[in-house]
Amino acid sequence: MVTCSAPGKVILFGEHAVVYGKPAIAVAVDRRLYCTVEKNNSDITEVNGYPINETHHGYILEAMKALGVEETLSIKTSSHLQSGAGLGSSAAVTIAALGALHGFMGETPSEELIARQGFDIECGVQGSASPIDTSTSTHGGAVILSNRKIKNFLWHIEKEGTFWNIHEGFVPNLNIVVGYTGVHAATPPLVGKVSNFYNRNTFARDIVDEIGEVVEAGRSALERGDLVQVGNLMDRNHKLLKILGVSHPKLDSLVKVSRKYSYGAKLTGAGGGGSMIAITDDPDKVSEAISKRGGIPFTFEPAETGFRYEKSFKYTQ
Ligand code: PMV
């Protein structure tokens with residue numbers, strides 16, 4: 001029996017534009033998804049007691065196919081990450097399942113292998129993706145994607161002419177409050193919506209370019225510790241994502257109310273619902289404001305480790 005876990009993440013800057021090779025910055029969050037794999041005595045693979053199927057277990061099924069697993073397995077998952085909340089739960093299940101399956105096969109995979117396989121699986125299941133979620137869930141800490149090679153380079157990923165250099169970033173010392181709208185939003189339709197806009201409209205391509213510039217400026221503001229500038233750039237990033245059509249009235253409302261007590265706020269992840277983030281010196285005030293508007297706030301510590309094997313993990317249900 002092998003158990004592997006992987007963390008979720010928040011994207012500080014650059015979601016959606018990163019799918020087109022623009023830079024992005026994400027931080028892993030200390031909410032993890034756990035996956036246990038063991039041999040099953042029946043003739044079908046089960047996930048949490050149900051026969052594995054593409055609709056509910058697409059990422060796990062693809063992970064089994066990618067590794068050529070032929071045995072029937074009993075797979076269990078347990079998640080501290082809300083799905084459809086922009087917090088990278090799909091990447092976390094993919095990475096934790098890959099880790100557990102490799103472990104079950106007696107292998108010790110490298111981070112780079114897991115990140116590459118995870119990215120391919122996300123692309124296959126979602127239609128298109130960037131490696132930001134899967135690389136952050138694999139490596140942990142802060143991760144920077146850039147089309148240039150900068151310091152602390154980890155690996156390079158390429159797909160159909162688009163490429164990303166993945167780097168370890170320094171984890172900024174920030175109070176980040178996450179506000180979940182309560183609106184479940186699947187990533188693929190939102191990525192598809194932006195793709196239609198991008199392919200038909202030069203204006204959309206200009207917006208994507210501008211997000212790229214905001215991310216670069218955000219990276220240097222984070223390095224300087226200039227929180228006022230980081231906040232301004234987050235506000236700008238949110239406006240640009242809104243123009244791309246991936247915000248939601250509840251996101252806009254939570255972003256607006258958080259800004260009163262924050263350096264800046266923006267949606268995080270795919271949008272369309274899901275979550276927003278704010279950076280602030282007063283997390284309690286921001287959390288209270290989010291709650292009053294009907295959102296679900298939480299704060300988190302960055303997850304220092306990405307995917308890892310768990311010696312003992314107890315499933316509660
Ligand atoms: O909402 P999430 O956690 O699935 O994040 C998606 C991030 C996107 O940039 C919208 C897509 C991607 O693959 O980069």
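Since every read-out is calculated from the coordinates, none of them should be taken as a lab result. Here the structure is a predicted model, which means the values were calculated and not measured. Here Cβ is always computed from backbone atoms with ideal geometry, including for glycine, and neighbour counts include all displayed protein chains.
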With Cα atoms, 0 to 90° folded angle of helix 54-66 axis to the chain main axis:
70
Expressed in nanometres to one decimal, the distance between label points 7 Å along Cα→Cβ at Glu288 and Val69 is 4.8
Kirkwood Rh (inverse of mean 1/r, distinct Cα pairs), the stretch 45-181, angstrom
16.0
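Hull surface divided by four, with the convex hull built on the Cα atoms of the stretch 2-124: how many nm²?
Averaged projected area of the stretch 2-124's Cα convex hull equals 7.6 nm².
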Positive minus negative residues near Pro249 (Lys, Arg vs Asp, Glu; Cβ under 13 Å):
+3
If you filter the stretch 140-246 for GluC sites (Glu not before Pro), then keep DSSP loop positions with at most 12 other Cβ within 10 Å, what is left?
Glu160
Rg/Rh for the stretch 176-300 to two decimals, with Rh computed the Kirkwood way over all alpha-carbon pairs.
0.98
Calculated from DSSP H runs of 4 or more alone, at -39500 (n - 2.57) each and per residue, what is the 222 nm mean residue ellipticity of the chain, nearest 500?
-13000 deg cm²/dmol
Under 8 Å for C-alpha pairs, at least 6 residues apart: give me the relative contact order for the chain, rounded to a whole percent.
25
Value of relative contact order over the stretch 2-170, rounded to a whole percent, pairs C-alpha under 8 Å and six or more apart
28
Given +1 on the Cβ of Lys and Arg, -1 on the Cβ of Asp and Glu, and no further charges, what dipole in debye does the chain carry about its Cα centre, rounded to the nearest 20?
920
One finds the C-alpha centres of the stretch 139-214 and the stretch 271-317 to be spaced, in Å, by 20
Which peptide among 249-261, 77-89 comes first, and what is the full order, when sorted by highest mean count of other Cβ atoms within 10 Å?
77-89, 249-261
If one builds a Gaussian network model of the chain from Cα atoms under 10 Å apart, the most fluctuating residue listed among Thr94, Thr45, Thr136 is Thr45
Kindly express, to the nearest 10 degrees and within the range 0 to 90, the angle between helix 111-126's C-alpha long axis and the longest C-alpha principal axis of the chain.
80
Between helix 187-200 and the chain: long-axis angle, C-alpha atoms, 0 to 90°, nearest 10:
50
With each label point set 7 Å from Cα along the Cα-Cβ vector, what nm distance links Asn40 and His80?
2.8
Taking Cα atoms of the chain, Rg/Rh with Kirkwood Rh, to two decimals?
0.97
Candidates Val37, Val191, Val125: whichever shows maximal mean-square fluctuation once the chain is modelled as a Gaussian network with Cα springs under 10 Å
Val125
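What full-extension length gain, to one decimal in nm, is calculated for Glu301 and Phe313 as 0.36 nm per residue of separation minus the Cα-Cα distance?
Extra length from Glu301 to Phe313 when fully extended: 2.3 nm.
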Name the long-range amide H neighbours of Thr268: under 5 Å, sequence gap of 5 or more, or other chain; modelled H, no Pro or chain starts.
Ser275, Met276, Ile277
Karplus (6.51, -1.76, 1.60) ³J(HN,Hα), θ = phi - 60°, over the stretch 268-273, in Hz, Gly and Pro reported as x
10, x, 6, x, x, x
Using the Cα centre of the stretch 176-300 as origin and beta-carbon charges of +1 (Lys, Arg) and -1 (Asp, Glu), tell me which of Tyr261, Thr299, Leu251 is placed farthest towards the positive end of the dipole.
Leu251
